[in-house]
Amino acid sequence: MAPYNLPVAKATVQTSNPGTLVGGTAIGPRFYEVVVNSVIKRDVVLPRPYGSIQTMANAFGRSIAWPRTHVMYRLNYLCFYLCVICIYTTNSY
(Lines give C-alpha, C1' and ligand atoms only; values in the text may rest on other atoms or scores of the structure.)
Protein backbone atom coordinates (compact mmCIF):
# COMPACT_ATOMS: atom_id res chain seq x y z
CA MET A 1 0.00 0.00 0.00
CA ALA A 2 1.19 3.50 -0.77
CA PRO A 3 1.97 5.63 2.34
CA TYR A 4 -1.06 7.84 1.69
CA ASN A 5 -3.42 4.84 1.76
CA LEU A 6 -2.53 3.58 5.23
CA PRO A 7 -5.57 2.91 7.39
CA VAL A 8 -5.54 4.79 10.69
CA ALA A 9 -8.84 3.69 12.27
CA LYS A 10 -12.18 1.96 11.82
CA ALA A 11 -15.30 3.93 12.66
CA THR A 12 -19.06 4.11 12.28
CA VAL A 13 -20.69 7.07 10.55
CA GLN A 14 -23.14 8.90 12.79
CA THR A 15 -24.22 11.62 10.37
CA SER A 16 -23.33 13.68 7.34
CA ASN A 17 -25.55 16.60 8.41
CA PRO A 18 -23.37 19.72 7.91
CA GLY A 19 -24.94 21.42 10.95
CA THR A 20 -23.92 18.69 13.39
CA LEU A 21 -21.56 19.93 16.10
CA VAL A 22 -18.42 18.01 17.02
CA GLY A 23 -16.29 19.66 19.66
CA GLY A 24 -18.46 22.77 19.37
CA THR A 25 -17.86 23.23 15.62
CA ALA A 26 -20.26 22.34 12.78
CA ILE A 27 -18.84 19.54 10.66
CA GLY A 28 -19.77 21.29 7.42
CA PRO A 29 -20.35 19.70 4.02
CA ARG A 30 -16.92 18.04 3.67
CA PHE A 31 -16.87 15.99 6.87
CA TYR A 32 -18.72 13.13 8.54
CA GLU A 33 -19.31 12.77 12.25
CA VAL A 34 -17.93 9.33 13.10
CA VAL A 35 -17.36 7.29 16.24
CA VAL A 36 -13.95 5.63 16.34
CA ASN A 37 -14.34 1.90 17.03
CA SER A 38 -10.78 0.70 16.50
CA VAL A 39 -7.50 2.60 16.31
CA ILE A 40 -4.76 1.41 13.96
CA LYS A 41 -2.34 4.39 14.02
CA ARG A 42 -2.47 5.90 17.51
CA ASP A 43 -0.24 8.93 16.91
CA VAL A 44 -2.14 10.37 13.92
CA VAL A 45 -3.13 13.98 14.64
CA LEU A 46 -6.81 14.63 13.95
CA PRO A 47 -7.74 17.10 11.20
CA ARG A 48 -10.13 18.80 13.66
CA PRO A 49 -8.85 18.24 17.19
CA TYR A 50 -10.89 19.53 20.12
CA GLY A 51 -10.32 19.67 23.88
CA SER A 52 -8.21 16.69 24.92
CA ILE A 53 -9.07 14.81 21.69
CA GLN A 54 -5.93 15.58 19.67
CA THR A 55 -4.80 12.23 18.26
CA MET A 56 -6.46 9.06 17.05
CA ALA A 57 -5.50 7.38 20.35
CA ASN A 58 -7.52 10.03 22.24
CA ALA A 59 -10.44 9.56 19.84
CA PHE A 60 -11.11 5.90 20.61
CA GLY A 61 -14.81 5.53 21.47
CA ARG A 62 -15.51 9.20 20.73
CA SER A 63 -17.17 11.26 18.04
CA ILE A 64 -14.83 13.12 15.72
CA ALA A 65 -15.13 15.00 12.43
CA TRP A 66 -13.38 13.18 9.58
CA PRO A 67 -13.00 14.33 5.94
CA ARG A 68 -15.29 12.54 3.49
CA THR A 69 -12.39 12.34 1.03
CA HIS A 70 -10.40 10.21 3.48
CA VAL A 71 -12.95 7.46 3.94
CA MET A 72 -13.15 3.99 2.45
CA TYR A 73 -16.35 2.03 3.02
CA ARG A 74 -16.12 -1.55 4.23
CA LEU A 75 -19.32 -3.33 5.28
CA ASN A 76 -20.79 -1.37 8.21
CA TYR A 77 -17.54 0.37 9.06
CA LEU A 78 -15.34 3.01 7.55
CA CYS A 79 -11.62 2.74 7.22
CA PHE A 80 -9.86 6.11 7.43
CA TYR A 81 -6.90 6.83 5.20
CA LEU A 82 -4.14 9.39 5.40
CA CYS A 83 -3.19 11.57 2.49
CA VAL A 84 0.46 12.57 2.08
CA ILE A 85 -0.46 16.13 1.12
CA CYS A 86 -2.64 16.75 4.18
CA ILE A 87 -1.12 19.11 6.70
CA TYR A 88 -2.42 17.07 9.60
CA THR A 89 -0.20 14.09 8.75
CA THR A 90 2.65 14.77 11.15
CA ASN A 91 4.12 11.28 11.35
CA SER A 92 6.25 9.27 8.95
CA TYR A 93 5.53 5.59 8.48
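The values are calculated or read from the model by the stated rules, or taken from the named source; none is laboratory data. Keep in mind that what you see is a predicted model, and the values were worked out from it rather than measured. Methodologically, a virtual Cβ is constructed for each residue, glycine included, from the backbone with ideal geometry; neighbour enumeration extends over all protein chains shown. We work out accessible area using only protein heavy atoms, side chains counted, and drop any ligands, DNA or RNA first. Shrake-Rupley method; radii C 1.70, N 1.55, O 1.52, S 1.80 Å.
Key figures
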item: Rounded accessible area of residue 35 (nearest 10 Å², 1.4 Å probe); result: 30 Å²
item: Residue 17 paired with residue 37, simple spin-label distance in nm, labels 7 Å along Cα-to-beta-carbon; result: 2.2 nm
